[in-house]
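Read through the structure below, which is laid out as structure tokens, and then see the notes.
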Amino acid sequence: MKNIPHESGIYHVTGTAVYVDDIPVDDNCLTGYVVYSSYSRAKIKSFDISRAINMPGIKKILSFVDIPGKNQMGPVFHDESVLAENDVFCIGQAIFLIAADNEENARKAAKEIHINFEELEPVLSIEQAMQKGELLQPQRRIECGDVEKALAASPHIIEGELVTGAQEHWYLETQASLCIPGEGNEMKVYSSTQNPSETLAIVAEILGIQKNDVEVVMRRIGGGFGGKETQANHAAAWAALLAYSARCPVKLRLRREDDQIITGKRHPFLIKYKAGFDNDGRISAIDFEQNCNGGYATDLTMAILERAMLHADNAYFVPNMRITGNAWKTNMVSNTAFRGFGGPQGMAGIETIIDRIAWYLKKDSADIRFINFYGLNDRNITPYGQIIENNRLYMLWERLLESSQYKERKKAVDNFNSENEFIKRGIALTPVKFGISFTTSFLNQAGALVNVYTDGSVLVNHGGTEMGQGLHTKIKQIAAKEFGIALENVKVNETNTSKVPNTPPTAASSGTDMNGMAVKNAIDKLKKRIASVIADEFNKEKKFTNQDALIFENNFIIDSKNRGKKILFSKAIPIVHLNRVSLSATGFYHTPGVHFNRTTGKGAPFYYYAFGMAVSEVEVDILTGYHRIIRADILHDTGQSINTAIDIGQIQGGFMQGVGWCTTEECKYDEKGNLLNFSPDTYKIPGVRDIPGQFNVNLLQGAPNPNTIHQSKAVGEPPFMLAFSVWLAMKYAVSAVGNHTIEPEWNIPMTNEKILLAIEKLTSNLK
Amino acid sequence: MNHNKIAFVLDGKVTEIGFRNSPYYPTTTLLQYLRSLPGHKGTKEGCNEGDCGACTVVIAEPDGSNKLKYNAFNSCLIFLPQIHGKYVITVENLGTPQNPHIIQKALVDRHGSQCGYCTPGIVMSAFALYKQCKTPGYEEILDALAGNLCRCTGYLPVIDAIKEACRFNGKDHFNAEEPEIIRMLKNIRNNTSKTIKIEKNECCYYILADIKQIWSILNNSKEHYTIVSGNTDTVLRVNKKHESLNRLIDISNVQQLKKIDIKKDYIIIGSAACIEDIKSAVKNIFPPFYNILKIFGSRQVRNQATLGGNVASASPIGDTLPVLMAYDAEVILQSQNHTREINIRNFITGYRTTQIKYDEIIAGIKIPKLPPEKIVTAYKISKRRDLDISTVNVAFCLELFQNNIVKQIELFYGGMSAWTKRAVNTEKFLTGKQWTRENVEQAMNFIEEDFTPISDARSGAPGRSIMAKNLLLKFWNDVKKCN
């Protein structure tokens, strides 16, 4: 049961798993198409659609004036229009929607829409935005201790800047939605979304209808990674507007290049830092200034920046720390959620500092990490005031150091480097401590609806979305275990807002934690009802059975006081039904105790922390800049894993996605703000040959997580940041070019181009 | 079989498409066609440009010995007429949820799918490998999967699953069907005229079986025809640039152009031979050429792309051009009454322009075997090792005197200018000098005199310059290692 296959695995491999674009539609279904800005910043002086609307196959062309409700789809702050009005603020911003009989006709008509733009000067980088001084929202701050005083008292100071780049989600399935109007105002929305309830809210708002008229359905998505937390709303909103206006079904699916141009990415950051430390490398103070490129609208930027700030400490105790966060407004796509949600950018700062301290003191960076780890009983308060409980860092450290043979291999790496001029090796150990819960506390709630049918089969509905992470598989396991029945008798339904309403997005790695608990809550209610009827049934034969003594296991309901007394679950359910007792129950859960005050920057925003650690060894060809991961050893804390295979899959996949961000995935722009890497031709995510030659992933044993569903831990995001071990191992290899006498410039991503430039700079300083 | 119609085998049955009375065009891709059918939604569109493999299908053809040969293709890169006379296999044909194929079952059991969207493509790449290769090694599995991107798994469980499944030595329900499928395919070919002409609205598309048929079309028309052979590049004009291509001649079924003829002193590669076949043929004869072909696109792309196409496109970053130039290859051009050979170094005249005339086609490429004293090496740098286009690609040819003096050196660079060019000043500097590290390092400074590269999505100009210089040093180091 522990590592059962993905509940959809058999449908995936036989091509029978249904995604939005696979849903059968009838011939009158129209194709939706979006016409977007090709200017980063411009005024729309006038436009003319008269020619386009009369082109063959064109049914509707909509501009902002045709929106019946609000022209607004910002998820938190209402600063993002569905269709541009008088101004465009980035390339990719939607201006018109077209409904046509096919995509080709829509595209031809789009060419005949004439827009008279007045081009204005755009803001295309964090630096430009800083000069202009335009923030999306007010600056945020988290602070503890006395940073100035501690810095002044520090024997050593390092200062610097770190740049991290944008990352394209590159989910295999691009954004897609199919909207089918029903009676009256009804709108059924099939959406490739991580956030059905918000998709529902946006559709209702823009159509000016009540939420009870909208039904959002999603069975599965072909990858999300945060890219469909808010960005899926756009395709749904556009398709819904067209369907509402045309009164017939409309399907809108973004082509890959449009998806890459239109949708938000991982936020680029510019992090400025000043850190003080002693001769041992123990950090006394850090002053961080985190600057992120939010794009033209807020989207989730403030929550992402917040998580970056809350992870500026990563696994290290810093007694005096100030983190200032600025979300800069630029004329670029509105950047959005991406696995880690700011955490990777935040951690990259302190991992850089630690690495530089080691470099400065000529010590092993792993040792510097170790002496700065949060303590088990002291040195365990974060800058925002949360005490770290159940710290797993030392368990991980001890076991990983041994299994990876880090120390011995580091020596071998140094030996190799002394004997090889053009190929250099590096090795690095990095930890991850990741806070689990939405930092926006009210989002930490979940709902479920569990139905038991009279044949004893169970249908579970919950608010989470299945995007490959195995949520439905784990929920199925939880439900089967709670009911004590076989997996085959449990089915997890598609996610549907009419079954479970008002749900948070499936994000923040919290899907199983929260939905699992909500499902358990519903099942607890049902079991109580069932037990009550069955106890009465058992008592008919004059044997005294207490309903509290009934247990559900091995497909039976059993009197635990008298184990001979039992009834098959499937036989019991019809009896409950005949007794006119409801076999359907809702469940609910909210994460207890989490809170965070944004004004003071203090609180306990996380229910618990997930921990992980990795050792990676790499080889860099210093003439071509190519790198190769020779070996990666990962030990990750998933508590009492519900499904070890799924958890290991999340770790392997998350790690490689992090490797992509740190190495080959790069977004370049021209001087007008056009994205140059807008297709997989030039945007390179890791391929099969980029994985480590030896890829050892293990789960931390013997560390159950108290107070969570089946004592498990969230796993979706934390492993992403283990890729820093690769990133810093590469730095070590490049640093070896100058025999560690000159420190290479090291940002994210380090493509082979950037590596060669870093080496060039390094060697020119050597001379 | 008459005009305006093609036939192929799908779902084990002969299937015909009559273009006149269907929604399909000759430039409709196989992917679009499959997805328009109710039973083939398993074939996914991930990028529509051959860069992700989600749309991978297997196309089988008789191998000449009464067996079928199964190869993986990106269905987004194939025009419908290209499947005429072939057997198309999609993920649905392998197995069902109730009765999955060995590959499918292994992927489920080994947790090889997460979101599942890339999975059908991975299944098909794995299936092609399963049918071709008994007990493939780790490298062969990686090679088969290099054209399939997965954003969820980190690939390891996929590799494990394939390793596991391939223990069954290619056995499955396809073996029993082979004779019947081969009979169907033969029937289609026997009933097909030599040339099929497909006309639909403004579009006219010829499928040729014999190259002789091409002259009457070329010579009798004032219009420019686009030659479709591998089609991995041309199809992008439709998929990505949304051009209407209305005059096309498809030579991908012309067997005469697919030959690879290995002679004592040279090899002639037919212009329509696919890269994968060439790769195998040149492995021992031209190792540097093999090394470049190994990382040419992906398996799917190599099964389809041709050497003629790569040469004709004259791209500044064409993978094969520097190495063909280093080998002093000849391009064999053929018109109705005339065959001529042009040295490839003179063949390309500018950015995507060549010496080819309107009534000529590339028949083949002739590569001479070089005397052992000539050392040829080729390198390619791209952002990702596999399935990526060159940032800089080079091929170098060196001949030394006994006393380590450079007798001749030829340095061909792609990605450094509008077309593949020689580093003339660098060559001049090195010629007659000692082949030492000092001299090579000095020569590297001349690269900047030779080239003013551009900055683009792949790299900035400074990065390109460093790569161009470093590859010379790498060459020196590799030559040293050989000696």
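The values are calculated or read from the model by the stated rules, or taken from the named source; none is laboratory data. Since the model is a prediction, treat every value here as computed from it, not as a measurement. Using ideal geometry, Cβ is built from the backbone for each residue, glycine included, and neighbour counts are taken over all protein chains shown.
Determine whether the stretch A:239-247 contains at least one residue that is modelled with pLDDT of 95 or more and under 22 Å from A:Ala448 (Cβ atoms). Looking for residues that are modelled with pLDDT of 95 or more and under 22 Å from A:Ala448 (Cβ atoms), one finds none in the stretch A:239-247, hence no.
Within the span defined as the stretch A:91-99, one or more residues are on the phi > 0 side of the Ramachandran plot and either among the β-branched types (Val, Ile, Thr) or crowded, with 18+ Cβ neighbours inside 10 Å (or both). Considered as a group, the residues in the stretch A:440-457 that are surrounded by 24 or more Cβ atoms within 10 Å (Cβ to Cβ) and more than 23 Å from the chain's Cα centre (by Cα) include one that is nearest to A:Pro574 (Cα to Cα), and that residue is A:Val452. Is at least one residue of the stretch B:46-62 within 8 Å of chain A (Cβ to nearest Cβ), farther than 19 Å from B:Glu178 by Cβ and without any contact (Cβ under 8 Å) to a residue 60 or more places away in the chain? Looking for residues that are within 8 Å of chain A (Cβ to nearest Cβ), farther than 19 Å from B:Glu178 by Cβ and without any contact (Cβ under 8 Å) to a residue 60 or more places away in the chain, one finds at least one in the stretch B:46-62, hence yes.
Out of all the residues in the stretch A:35-51, is one or more in the same structural domain as A:Pro181 (by TED's automatic domain parsing), part of a loop (DSSP other than H, G, I, E, B) and of a type outside the set (Ser, Thr, Tyr)? Walk me through how you get there before you give the answer.
Residues of the stretch A:35-51 that are in the same structural domain as A:Pro181 (by TED's automatic domain parsing), as a first pass: A:35-51.
Checking which are part of a loop (DSSP other than H, G, I, E, B) leaves us with A:37-41, A:49.
Narrowing further to those that are of a type outside the set (Ser, Thr, Tyr): A:41, A:49.
Yes, the stretch A:35-51 contains a residue that is in the same structural domain as A:Pro181 (by TED's automatic domain parsing), part of a loop (DSSP other than H, G, I, E, B) and of a type outside the set (Ser, Thr, Tyr).
Counting the residues of the stretch A:607-626 that are closer than 27 Å to A:Gly227 by Cβ and buried (at least 24 other Cβ atoms within 10 Å of the Cβ) gives 6. For B:Gly460, the stated conditions do not hold, so it cannot be described as in contact (Cβ under 8 Å) with a residue 40 or more places away in the chain and within 14 Å of chain A (Cβ to nearest Cβ).
Residue-by-condition table, conditions (1) under 25 Å from the mean Cα position of the chain (by Cα); (2) buried (at least 24 other Cβ atoms within 10 Å of the Cβ):
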{"site": "A:Ser177", "(1), (2)": "yes, yes"}
{"site": "A:Ser197", "(1), (2)": "yes, no"}
{"site": "A:Thr230", "(1), (2)": "yes, yes"}
{"site": "A:Val250", "(1), (2)": "no, yes"}
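Note on the stretch A:146-162: residues that are under 32 Å from the mean Cα position of the chain (by Cα) and surrounded by fewer than 15 Cβ atoms within 10 Å (Cβ to Cβ) amount to 2.
Restricted to the stretch A:100-122, and to residues that are part of a loop (DSSP other than H, G, I, E, B) and of a type in the set (Asp, Glu), which residue is surrounded by the fewest Cβ atoms within 10 Å (Cβ to Cβ)?
Of the stretch A:100-122, the ones part of a loop (DSSP other than H, G, I, E, B) are A:101-102, A:112-113, A:120-122.
Pick out the ones that are also of a type in the set (Asp, Glu) and you get A:101, A:112, A:121.
Numbers: A:Asp101: 16, A:Glu112: 16, A:Glu121: 10.
Residue satisfying both the conditions and the ranking: A:Glu121.
Of everything in the stretch B:184-209, what is touching a His at 6+ places or on another chain (Cβ under 7 Å) and either acidic (Asp, Glu) or buried (at least 21 other Cβ atoms within 10 Å of the Cβ) (or both)? Give them in sequence order. If the condition is that a residue be touching a His at 6+ places or on another chain (Cβ under 7 Å) and either acidic (Asp, Glu) or buried (at least 21 other Cβ atoms within 10 Å of the Cβ) (or both), then B:Ile196, B:Ile198, B:Ile207 are the ones that fit.
If you go through the stretch B:46-86 and pick out every residue that is more than 17 Å from the chain's Cα centre (by Cα), under 27 Å from B:Asn246 (Cβ atoms), assigned to a loop (DSSP other than H, G, I, E, B) and hydrophobic (A, V, I, L, M, F, W, C), you end up with 1.
Filtering the stretch A:438-452 to residues that are touching an Asp or Glu at 6+ places or on another chain (Cβ under 9 Å) and either over 10 Å from A:Ser510 (Cβ atoms) or modelled with pLDDT under 95 (or both) leaves A:Thr439, A:Thr440. Remark: A:Lys433 matches the filter, which requires a residue to be out of contact with any Lys or Arg (no Cβ under 8 Å at 6 or more places or on another chain), in contact (Cβ under 8 Å) with a residue 24 or more places away in the chain and not assigned by TED's automatic domain parsing to the domain that holds A:Phe556.
So that you can scan it fast, the table gives a plain yes or no per residue for (1) more than 9 Å from chain B (Cβ to nearest Cβ); (2) touching a Phe, Trp or Tyr at 6+ places or on another chain (Cβ under 9 Å); (3) part of a loop (DSSP other than H, G, I, E, B):
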{"residue": "A:Val620", "(1), (2), (3)": "yes, yes, no"}
{"residue": "A:Ile629", "(1), (2), (3)": "yes, yes, no"}
{"residue": "A:Ile634", "(1), (2), (3)": "yes, yes, no"}
{"residue": "A:Gly649", "(1), (2), (3)": "no, no, no"}
{"residue": "A:Gly654", "(1), (2), (3)": "no, yes, no"}
{"residue": "A:Glu671", "(1), (2), (3)": "yes, no, yes"}
{"residue": "A:Asn677", "(1), (2), (3)": "no, yes, yes"}
{"residue": "A:Asn698", "(1), (2), (3)": "yes, no, no"}
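Filter the stretch A:704-757 for residues that are within 13 Å of chain B (Cβ to nearest Cβ) and over 22 Å from A:Leu429 (Cβ atoms) and give the result. Outline the logic, then answer.
Let us first name the residues in the stretch A:704-757 that are within 13 Å of chain B (Cβ to nearest Cβ), namely A:715-716, A:719-720, A:722-723, A:726, A:737, A:749-757.
Result: A:Gly716, A:Thr751, A:Asn752, A:Glu753, A:Lys754, A:Leu756, A:Leu757.
Selection of the stretch A:552-576 for residues being part of a loop (DSSP other than H, G, I, E, B) and modelled with pLDDT of 95 or more yields A:Asn554, A:Asn555. Of the set (1) of a type in the set (Val, Ile, Thr); (2) without any contact (Cβ under 8 Å) to a residue 40 or more places away in the chain; (3) in contact with a helix residue (DSSP H, G or I) (Cβ under 8 Å, 6 or more places away or on another chain), all apply to B:Ile405 but (3). Taking first residues from the stretch A:661-673 that are surrounded by fewer than 23 Cβ atoms within 10 Å (Cβ to Cβ) and partners that are polar (S, T, N, Q) and modelled with pLDDT of 95 or more, the Cβ contacts under 6 Å between residues at least 6 apart in sequence or on separate chains come to A:Cys667/A:Asn677; A:Lys668/A:Asn677; A:Gly673/A:Ser40.
How many of the residues making up the stretch A:328-359 are assigned to a helix (DSSP H, G or I) and closer than 19 Å to A:Val82 by Cα?
Total satisfying the criteria: 0.
Among the residues making up the stretch A:310-321, those that are crowded, with 24+ Cβ neighbours inside 10 Å and on the phi < 0 side of the Ramachandran plot are A:Leu310, A:His311, A:Ala312, A:Asp313, A:Ala315, A:Tyr316, A:Val318, A:Met321.
When you check A:Gly658 against the structure, is it modelled with pLDDT of 95 or more, at the interface with chain B (Cβ under 9 Å from one of its Cβ atoms) and part of a helix (DSSP H, G or I), yes or no? Taking the combined requirement at face value, the residue does not satisfy it. Within the stretch A:679-696, the residues that satisfy the criterion of being more than 25 Å from A:Glu173 (Cβ to Cβ) and either facing chain B (nearest Cβ under 7 Å) or buried (at least 24 other Cβ atoms within 10 Å of the Cβ) (or both) are A:Pro692, A:Phe695.
Of the residues A:Asn105, A:Asn116, A:Asn86, only one is in the same structural domain as A:Thr230 (by TED's automatic domain parsing), under 30 Å from A:Val217 (Cα atoms) and among the polar types (S, T, N, Q); which?
Values: A:Asn116 fails: under 30 Å from A:Val217 (Cα atoms); A:Asn86 fails: under 30 Å from A:Val217 (Cα atoms).
One residue alone meets the criteria, A:Asn105.
Look at (1) touching a helix residue (DSSP H, G or I) at 6+ places or on another chain (Cβ under 6 Å); (2) of a type in the set (Gly, Ala, Ser); (3) touching a residue at least 24 places away in the same chain (Cβ under 8 Å) and you find that B:Ser455 fails only one, number (3). If only residues of the stretch A:16-30 that are surrounded by fewer than 22 Cβ atoms within 10 Å (Cβ to Cβ) and outside any loop (DSSP other than H, G, I, E, B) are counted, the one that is nearest to the other protein chains (Cβ to nearest Cβ) is A:Asp22. Please verify whether B:Val235 is surrounded by 19 or more Cβ atoms within 10 Å (Cβ to Cβ), within 14 Å of another protein chain (Cβ to nearest Cβ), more than 24 Å from the chain's Cα centre (by Cα) and modelled with pLDDT of 95 or more, treating the condition exactly as stated. So B:Val235 does not fit the description; no.
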